Structure formats: structure tokens, C-alpha cells
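**Student:** I am attaching a structure below and will ask some questions about it afterwards.
The values are calculated or read from the model by the stated rules, or taken from the named source; none is laboratory data. Remember, it's a predicted structure, so these values are computed and weren't measured experimentally. Note: ideal-geometry Cβ built from the backbone for every residue, glycine included; neighbour counts use all protein chains shown.
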Amino acid sequence: MKVPIIKPHVGKLTSRVRSLADQTQHYYRTAEHQRWAKDVVDKANGRCQRCGRNTDFRGNPIRLYADHIKEIKDGGIWTESNGQALCGSCHTVKTLHEKAKRWRTPI
């Protein structure tokens, strides 16, 4: 009796890195979010609302990121009062702090 040979099925491996657009939630690409972000950043007048910086170490204007004070996934809403404009450093610190709080909260 001849025993059939079973070939394992291995999916293709890819080195493709997901683009930033693929990694973000869909609502960050909506017109509603873009309008909200522009309003939040415009209201800040070019200054980080956490540390107060408006230039980098070379004297160039800094990039500001529109940030939800209370994140949408935590029940925040899309209002200008729930937004703040943060520099890259402050945005990173705030985001990591929020993620750490979420990890510590029991389900």
C-alpha cells in the first residue's frame, strides 16, 4: 500500500511594512477628524498646550499634534473642548501614560 504524502501549507512570508495609514483607525482619515484637528491646532496659536514650546532647538516652529484630552476609545467626544495641541514630545508622553493606565485597569 502506498502512503500519500501530505505537503504542509505555508503561507507566503512578506517583509512588507504596514504603512501608517494602514495602522491607524479609520476615523483619523475622515473629514470630520481633519476639521477637528485643524480647529484644535489653530486655537493653540503655534504653541504646545502642555509645555508651552513654540520652536525647536534650532528656532524652527514645532509641529503640533491634535490630541484628544479624553481619548475616543475611553469615551471622549469630538469637541474642540476635548482637544489640545501638543508638541511631539508631550504627545508621546501623554499617549504612553494613557496606554499604561489602560493596561493597569482591570477588565
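**Student:** Just for segment 61-77: of the residues that are under 12 Å from LYS94 (Cα atoms) and outside any strand (DSSP E or B), which one is modelled with the highest pLDDT?
**Tutor:** ILE69
**Student:** Is it the case, given these coordinates, that ARG53 is in contact (Cβ under 8 Å) with a residue 12 or more places away in the chain, charged (D, E, K, R) and assigned to a loop (DSSP other than H, G, I, E, B)? Quick ask: steps written out before the conclusion?
**Tutor:** Details: in contact (Cβ under 8 Å) with a residue 12 or more places away in the chain: yes; charged (D, E, K, R): yes; assigned to a loop (DSSP other than H, G, I, E, B): yes.
The answer is yes for ARG53.
**Student:** Please tell me if LYS94 is in a helix (DSSP H, G or I) and touching a strand residue (DSSP E or B) at 6+ places or on another chain (Cβ under 8 Å).
**Tutor:** On the way: in a helix (DSSP H, G or I): yes; touching a strand residue (DSSP E or B) at 6+ places or on another chain (Cβ under 8 Å): yes.
For LYS94, the condition - in a helix (DSSP H, G or I) and touching a strand residue (DSSP E or B) at 6+ places or on another chain (Cβ under 8 Å) - is met.
**Student:** Restricting to segment 25-44, name every residue that is surrounded by fewer than 13 Cβ atoms within 10 Å (Cβ to Cβ) and acidic (Asp, Glu).
**Tutor:** The first filter runs over segment 25-44 and keeps only residues surrounded by fewer than 13 Cβ atoms within 10 Å (Cβ to Cβ), leaving 25-27, 29-32, 34-35, 38.
GLU32, the sole residue that qualifies.
**Student:** Identify all residues within segment 45-89 that are surrounded by fewer than 16 Cβ atoms within 10 Å (Cβ to Cβ) and in contact with a Phe, Trp or Tyr (Cβ under 9 Å, 6 or more places away or on another chain); write none if there are none.
**Tutor:** ILE72, TRP78, THR79, GLU80, GLY88, listed by residue number.
**Student:** If I filter segment 24-52 down to residues being charged (D, E, K, R) and over 11 Å from ALA85 (Cα atoms), which single residue comes out as modelled with the highest pLDDT?
**Tutor:** Step one: filter segment 24-52 for residues charged (D, E, K, R), giving 29, 32, 35, 38-39, 42-43, 47, 50.
This time we only want the ones that are over 11 Å from ALA85 (Cα atoms), so: 29, 32, 35.
Numbers: ARG29: 80, GLU32: 87, ARG35: 93.
Per the criteria, the residue is ARG35.
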